[in-house]
Amino acid sequence: RVRKLSLVDELAFNFGEAAQFALLAGGNINSTDYIFISGSAGAGNSASSTIRTNTGSVMENQNVLVTAALQTVANVKSFLNGHDGQIIQSDINGSTFNPGIYHIPSSANFSGWSYLNGGQTDKFLFVIEGDLAVAEDFILTTGNVRPEHIVWSVGGKANLPSSIHFSGVVLAGDE
């Protein structure tokens with residue numbers, strides 16, 4: 001059974017200062033390929049010179065705004081990880097999900113396709129205890145679900161290829 005998000009859970013989707021970043025990292029943002037981002041990027045340490053934004057804004061080296069945003073994300077992630085959800089397999093290929101909280105108690109490898117069945121106000125939370133690896137062929141169909149209402153809380157590293165369109169907010173570990 002999938003646990004529905006309550007009013008308390010919805011408050012966790014308020015990212016405060018972090019909401020203005022399309023990409024935010026506590027350490028480094030590394031990429032060997034060019035990555036084009038709609039919005040600003042922020043890194044606690046440094047960002048590869050291959051990161052490009054439509055705002056021209058890549059903040060680095062513990063910028064005050066980046067530091068405040070990272071603290072907000074840490075608070076939200078701590079809150080989210082304290083919630084149980086339906087345990088699902090580490091490969092979600094061919095799966096359809098309704099709004100709620102889902103838990104992968106290991107690392108996850110996404111390939112193929114998955115579908116989020118919901119509307120503009122519905123919320124989805126995926127808690128992945130290990131690393132997340134997303135294949136270049138992975139397709140996440142979100143219908144009318146807003147990207148800011150999809151949260152991927154990853155305990156380890158999140159590896160997403162530069163050629164993929166991936167919806168949602170990714171909160172990855174510090175590695």
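The values are calculated or read from the model by the stated rules, or taken from the named source; none is laboratory data. Source: prediction; values computed, not measured. In this analysis, Cβ positions are derived from the backbone assuming ideal geometry, glycine residues included, and neighbour counts consider all displayed protein chains. What goes into the accessible areas is simple: the full protein's heavy atoms, side chains included, and nothing from ligands, DNA or RNA. Shrake-Rupley method; radii C 1.70, N 1.55, O 1.52, S 1.80 Å.
Values computed for the structure shown
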read-out	value
Environment charge of residue 166, counting only residues whose C-beta is closer than 14 Å and scoring Lys/Arg +1, Asp/Glu -1	-3
Within-14-Å neighbourhood charge of residue 145 [Cβ basis; K, R +1; D, E -1]	0
Amide H contacts under 5 Å for residue 118, placed H, 5+ residues apart	144, 145
Solvent-accessible surface ranking, highest first, for 37, 150, 87 at 1.4 angstrom	87, 37, 150
Whole-Hz couplings from phi, Karplus 6.51/-1.76/1.60, listed for region 110-121; x for Gly and Pro	9, 8, x, 8, 8, 10, 9, 9, x, x, 5, 9
